[in-house]
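K.L.:
Supplied in structure tokens, the structure appears directly below.
The values are calculated or read from the model by the stated rules, or taken from the named source; none is laboratory data. Here the structure is a predicted model, which means the values were calculated and not measured. Every residue, glycine among them, receives a Cβ derived from its backbone with ideal geometry; neighbour counts consider all protein chains shown. Just so you know, the surface numbers come from the protein's heavy atoms only, side chains and all, with ligands and any DNA or RNA stripped out. Shrake-Rupley method; radii C 1.70, N 1.55, O 1.52, S 1.80 Å.
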Amino acid sequence: TNQDCSVFLNMSGYEGQSILFFFNISDFAREASSKTNNVTIDTIYPVLTINSPVNVSYYSNTIKFNITATEDVAMSYSDNNGTFKPLCSSCNSVAVSKTFGDGSHNVKIRAVDRAGNSFFDAVEFAIL
């Protein structure tokens, strides 16, 4: 029969380092080793800086997004708890314009790095 095994390790002490690992598995009949795997440890989540938009009222429906991240990320946004829409797939900054309807907007920005660490920030503004 198949057996699932798992191990959880605190790897934060190895941040930024390349680690080689493999598994040895044995039972009463035989022993086997996995191939050697190489991973880079990344336990730090990205941080966003939203330069624009800012928490004000705008008189234009076209809003400039100017956002930076502390590392390359997949960046997306959600307006008023809607579906997240992509801003970039691998970038550390984005400068694009998006169109919004009149009214209040609560825009959430999500950044996810290659290791899956995520960070959220938000900005509220209104279109008059």
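K.L.:
Within the range 77-119, take every residue that is loosely packed, with under 14 Cβ neighbours inside 10 Å and in contact (Cβ under 8 Å) with a residue 40 or more places away in the chain and give me the one that is nearest to the chain's Cα centre (by Cα).
P.N.:
My answer is Ser118.
K.L.:
May I pose another question? Residue check, Glu15 against (1) exposed (fewer than 12 other Cβ atoms within 10 Å of the Cβ); (2) within 30 Å of Gly101 (Cβ to Cβ), all met but one. Which one?
P.N.:
(2)
K.L.:
Condition test on Ile50, is it outside any loop (DSSP other than H, G, I, E, B) and either open to solvent by 80 Å² or more (accessible area, probe 1.4 Å) or touching a helix residue (DSSP H, G or I) at 6+ places or on another chain (Cβ under 6 Å) (or both)? Reasoning before the result, please.
P.N.:
Details: outside any loop (DSSP other than H, G, I, E, B): yes; either open to solvent by 80 Å² or more (accessible area, probe 1.4 Å) or touching a helix residue (DSSP H, G or I) at 6+ places or on another chain (Cβ under 6 Å) (or both): no.
No.
K.L.:
List every residue pair whose Cβ atoms lie under 7 Å apart, where the two residues are 6 or more positions apart in sequence or sit on different chains, the first residue falls within the range 35-55 and is within 22 Å of Leu87 (Cα to Cα), and the second residue, located anywhere, is open to solvent by less than 90 Å² (accessible area, probe 1.4 Å) and at pLDDT below 95.
P.N.:
Short answer, once both residue conditions are applied: Ile44/Glu15.
K.L.:
Quick one: is Thr70 at negative phi, surrounded by 13 or more Cβ atoms within 10 Å (Cβ to Cβ), out of contact with any strand residue (DSSP E or B) (no Cβ under 6 Å at 6 or more places or on another chain) and hydroxyl-bearing (Ser, Thr, Tyr)? Working first, answer last.
P.N.:
Details: at negative phi: yes; surrounded by 13 or more Cβ atoms within 10 Å (Cβ to Cβ): yes; out of contact with any strand residue (DSSP E or B) (no Cβ under 6 Å at 6 or more places or on another chain): yes; hydroxyl-bearing (Ser, Thr, Tyr): yes.
So Thr70 passes the test.
K.L.:
For the range 76-117, which positions are in a strand (DSSP E or B), out of contact with any Ser or Thr (no Cβ under 8 Å at 6 or more places or on another chain) and among the polar types (S, T, N, Q)?
P.N.:
Ser76, Ser78, Ser89, Ser90, Ser104, Asn106
K.L.:
Right, something else. Here is a check on your reading of the model: is Thr62 surrounded by fewer than 10 Cβ atoms within 10 Å (Cβ to Cβ) and touching a Phe, Trp or Tyr at 6+ places or on another chain (Cβ under 9 Å)? It would help to see each step written out before you state the result.
P.N.:
On the way: surrounded by fewer than 10 Cβ atoms within 10 Å (Cβ to Cβ): no; touching a Phe, Trp or Tyr at 6+ places or on another chain (Cβ under 9 Å): yes.
No.
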